[in-house]
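The values are calculated or read from the model by the stated rules, or taken from the named source; none is laboratory data. What you see is a predicted model; the values in this text were computed from it and never measured. Cβ sites come from the backbone with ideal geometry, for glycine too, and all protein chains shown count toward neighbours.
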Amino acid sequence: MTRRVRPRLHVSLLLLSVGCAPKLAAPVAPPVAATPAPPAACTLLTVNDTYRIEPQADGTGGMARLRTLRTRTEAAYGDVLVLHAGDFLAPSLLSRTYKGAQMVEALSALDGDPAAEDPRLYVTFGNHEFDAGKKADGVALDALIGTSGFRWLAANINWIPTDSGAPWIEDPHLLASDQLSCGGLRVGIFGLTTNRKSADFIASFADPVATARAQTAALREAGVDVVVALTHQSMDEDLALLTALGDAGPDLVVGGHEHDHQTGDVGPRRVYKADADGRTAWRITLGRDGSGALTREEELLVLDASVPEDPLVKGIVDARIAAHDLAFCAKAGAPTGCLAAPVGRAKVPLIGAELEIRRFETNLGDWIADIARAAYPDAQVAFLNAGGLRLNRDLAAGPVNRQDVEEIFAYPSPLVRVEIDGATLQKVLGRAVQEWSGNGHWLQVSGFAWKHDPVAGTGSHLTWAATGKPILPTDRIIAVVPSFLADPTTGQDGYTMLPAAKGPPGPDLKALVLTALAAAPDGIAPAAEGRICNSQRPGPCLAK
């Protein structure tokens, strides 16, 4: 089993040519025109973890560009299936108001007809589809699925029954698996979702390996040429599935959950994941060679300014954004346009892009963690799961506006005070480095420092940042954390070694950040101090 992480590449290879090293190159923008694929070729266009219908601040991504990319790909390669590997209903600034309806609306327009059924678009559920997890939320989710113009795949989710005995979520758009003809190939596809977040309307998640085995066998018995698993689980879990099943498993996995593009191989089978928010997409063309053997050819495509926004989808997106601005500002009792209003200034760029804040110490992470620690006068340390800081872009030096802060905090962020010892803090580091890199359980910290060895997969050398002295296993520590990390009912993002918080939650971190910005009229200028020392990245280091 091999794994390649974030290969900035354009790869071509035969599905059966095991052991051949891929050719590496930079990702490229999709061509306006290309030589059509040979007969009996089906092309997959894949994305995952899209939280915005609009482009990023740097102009990349957005549903209107994805529509253009689909149009170009269909023109160049013929029959195309669009696959979304989960996490799109939440969290986002707009989802607080529209509960994911804005994303379903945009996805339903990707075929150019918002009112028509799209038989070439499939999605699976991500863990964030269950952010709203009450039974009433399940009723709303069922209704939302009913409004969609595409198919949802969920083979391993067991829904609770209603009073009539029917599944809580049941709609003609929702299937365990499907099969269809694409470019002369018969394609079978099924969906898998991680069990990292459940909901009151979910009875259980079936074992993904057993589910994949059964689904693959059933699809092959039905006569499909290729089996695709559309998954939302970690890369490690995807690779473990392929390893466990071998020839009894799917031919390829289109996955989500990580937010940076990557591939992983198990023999001739490959896992594909694109960047979050539609910054990139994979084009995977499946066919047959002269001998009838299955082939696979792939390309990582960048959705930047070279991919113009489709006018129809852009109009839908722009209308939603404008309506949201009116609704948000009215609810806040502020003038229209309040989201663009400055709430502070930064003297230096603030580093919030996910490939930084979910892998390394950043100045934005340090500054927010310091604010959290200062909320409790007796606190010695604070640590925040980076998945709670969801801006996914850097902020340039200059004004910081209300929308910037709202996008950092996609969830309510009350703080709590917990008492732990040094041995527990060491266990916290062990969780932080799991499945590095790019995961939301990575930490931004205050009051202490440590060394991260990404090759060995360890966190060590716990040190008090102020004194440079080691933190001993028996040291008693007062820590500030988001309430999410100290609530056993949430799964705690894996930080189950933390005790439950005593007493009610404290101040909300977003409110504290807004107050801190307002208190610094000349601007803030945080610096990454060396609290997290990466053995592969030179820089200051406070850990001894």
Return yes when Ser181 is modelled with pLDDT of 95 or more, among the small types (Gly, Ala, Ser) and out of contact with any Phe, Trp or Tyr (no Cβ under 7 Å at 6 or more places or on another chain) and no when it is not. yes
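If you go through the stretch 43-74 one residue at a time, how many are of a type in the set (Val, Ile, Thr) and touching a strand residue (DSSP E or B) at 6+ places or on another chain (Cβ under 8 Å)?
Residues flagged as of a type in the set (Val, Ile, Thr) and touching a strand residue (DSSP E or B) at 6+ places or on another chain (Cβ under 8 Å) within the stretch 43-74 amount to 6.
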Residue by residue through the stretch 69-97, note down the ones that are among the basic types (Lys, Arg) and either crowded, with 23+ Cβ neighbours inside 10 Å or farther than 25 Å from Asp137 by Cβ (or both). Arg70, Arg72
Only one of Asp163, Asp171 is acidic (Asp, Glu), without any contact (Cβ under 8 Å) to a residue 40 or more places away in the chain and out of contact with any Gly (no Cβ under 6 Å at 6 or more places or on another chain); which? Asp163
Of all residues in the stretch 484-538, which are surrounded by fewer than 17 Cβ atoms within 10 Å (Cβ to Cβ), of a type in the set (A, V, I, L, M) and farther than 30 Å from Lys347 by Cβ? Met497, Ala500
Exception for Gln444 within (1) within 28 Å of Lys273 (Cα to Cα); (2) surrounded by fewer than 23 Cβ atoms within 10 Å (Cβ to Cβ); (3) touching a Gly at 6+ places or on another chain (Cβ under 6 Å); (4) not β-branched (Val, Ile, Thr) falls at (2)
What strands (runs of 3 or more DSSP E) lie completely within the stretch 98-217 and have 1 or more residues being surrounded by fewer than 18 Cβ atoms within 10 Å (Cβ to Cβ) and either of a type outside the set (Ser, Thr, Tyr) or touching a helix residue (DSSP H, G or I) at 6+ places or on another chain (Cβ under 8 Å) (or both)? 157-159, 177-182, 185-193, 202-205
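Starting from residues that are assigned to a helix (DSSP H, G or I) and of a type in the set (Val, Ile, Thr), keep the ones in the stretch 294-342 and report whichever is farthest from Cys42 (Cα to Cα).
Here is the first cut: in the stretch 294-342, the residues assigned to a helix (DSSP H, G or I) are 311-332, 338-340.
So of that shortlist, the ones also of a type in the set (Val, Ile, Thr) come out as 313, 316-317, 321.
Numbers: Val313: 25, Ile316: 29, Val317: 29, Ile321: 35 Å.
In this case the residue turns out to be Ile321.
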For the stretch 356-367, name all the residues that are assigned to a loop (DSSP other than H, G, I, E, B) and touching a Ser or Thr at 6+ places or on another chain (Cβ under 8 Å). Arg358, Arg359
What's the number of the condition Leu303 fails, among (1) of a type in the set (A, V, I, L, M); (2) outside the structural domain of Pro454 (by TED's automatic domain parsing); (3) surrounded by fewer than 23 Cβ atoms within 10 Å (Cβ to Cβ)? (3)
Extreme residue, nearest to Thr231 (Cα to Cα), among residues of the stretch 127-156 that are among the acidic types (Asp, Glu) and within 22 Å of the chain's Cα centre (by Cα): Glu129
Scanning for something under 30 Å from Asp275 (Cα atoms), surrounded by 17 or more Cβ atoms within 10 Å (Cβ to Cβ) and not hydroxyl-bearing (Ser, Thr, Tyr), does the stretch 458-469 turn up at least one residue? yes
Residue hits (the stretch 455-477; closer than 24 Å to Glu435 by Cβ and among the small types (Gly, Ala, Ser)) are Ala456, Gly457, Gly459, Ser460
Looking for something closer than 26 Å to Gln403 by Cβ, at pLDDT 95 or above and among the hydrophobic types (A, V, I, L, M, F, W, C) - is there at least one such residue anywhere in the stretch 283-301? no
Quick one: would you say Arg417 is within 23 Å of the chain's Cα centre (by Cα) and under 26 Å from Arg476 (Cβ atoms)? no
Of the listed residues (Ala248, Ala274), the one being surrounded by fewer than 23 Cβ atoms within 10 Å (Cβ to Cβ) and not aromatic (Phe, Trp, Tyr) is Ala248
Do we find that Pro499 is touching a strand residue (DSSP E or B) at 6+ places or on another chain (Cβ under 9 Å), at pLDDT 95 or above, part of a loop (DSSP other than H, G, I, E, B) and not acidic (Asp, Glu) in this structure? yes
Criterion first (at pLDDT below 95, touching a helix residue (DSSP H, G or I) at 6+ places or on another chain (Cβ under 6 Å) and of a type outside the set (Asp, Glu)) does Ala41 satisfy it? no
